[in-house]
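Notes follow once the structure below has been shown.
The values are calculated or read from the model by the stated rules, or taken from the named source; none is laboratory data. This is a predicted model, so every value here is computed, not measured. Cβ placement follows ideal geometry from the backbone for every residue including glycine, while neighbour counts extend to all protein chains displayed.
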Amino acid sequence: MFSVLPYEFLYTTSYVSAAFFLITFLYWMYFFTKAISINTQAVFRPQHITHVITRGIYGVVRHPMYSADIVLAWGAAIAYPLVALWASVCWFTVITIVWAYSEESVLEKKFGEEYRMYKKNVPMWIPGQKTKN
């Protein structure tokens with residue numbers, strides 16, 4: 001009823017959309033699982049974190065779980081282009097970006113120059129993206 005593309009396109013096999021969704025799902029799996037393996041200490045013992053975590057996936061992007069979630073959401077929206085899904089993905093993306101910037105301001109206050117150097121050397125969202133100096 002509220003689709004961007006015709007019904008026939010959405011509910012028939014589209015190898016392009018399936019392949020695109022598979023790629024975004026694999027991106028999500030990689031970044032999410034790598035971040036979870038490191039991030040558990042922050043969830044269970046945040047007071048024990050005494051330095052910025054820069055190893056593993058956090059040396060590739062500063063927000064691997066958020067990056068993975070956004071890519072997966074957009075992959076689903078492109079693979080299944082429904083207006084409601086597009087609206088949800090747009091809202092989710094905005095909220096996630098706001099949340100990430102909020103986290104960064106807290107981390108910068110807690111870790112100071114150490115976090116500023118990390119921000120300078122590691123991109124926020126996209127692996128290999130040049131950071132702002």
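Being out of contact with any strand residue (DSSP E or B) (no Cβ under 7 Å at 6 or more places or on another chain), hydrophobic (A, V, I, L, M, F, W, C) and at pLDDT 90 or above is a property that Trp28 lacks. When Ala100, Ala87 are checked against the criterion of being crowded, with 16+ Cβ neighbours inside 10 Å and without any contact (Cβ under 8 Å) to a residue 60 or more places away in the chain, a single residue qualifies: Ala100.
The listed residues are Val94, Val83, and the only one of them that is more than 14 Å from the chain's Cα centre (by Cα), under 30 Å from Ser14 (Cβ atoms) and of a type outside the set (Gly, Ala, Ser) turns out to be Val83.
So that you can scan it fast, the table gives a plain yes or no per residue for (1) among the hydrophobic types (A, V, I, L, M, F, W, C); (2) surrounded by 11 or more Cβ atoms within 10 Å (Cβ to Cβ); (3) modelled with pLDDT under 85; (4) not in a loop (DSSP other than H, G, I, E, B):
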| position | (1), (2), (3), (4) |
| --- | --- |
| Asp69 | no, yes, no, yes |
| Gly75 | no, yes, no, yes |
| Thr96 | no, yes, no, yes |
| Leu107 | yes, yes, no, yes |
| Pro123 | no, yes, no, no |
| Ile126 | yes, yes, no, no |
| Lys130 | no, no, yes, no |
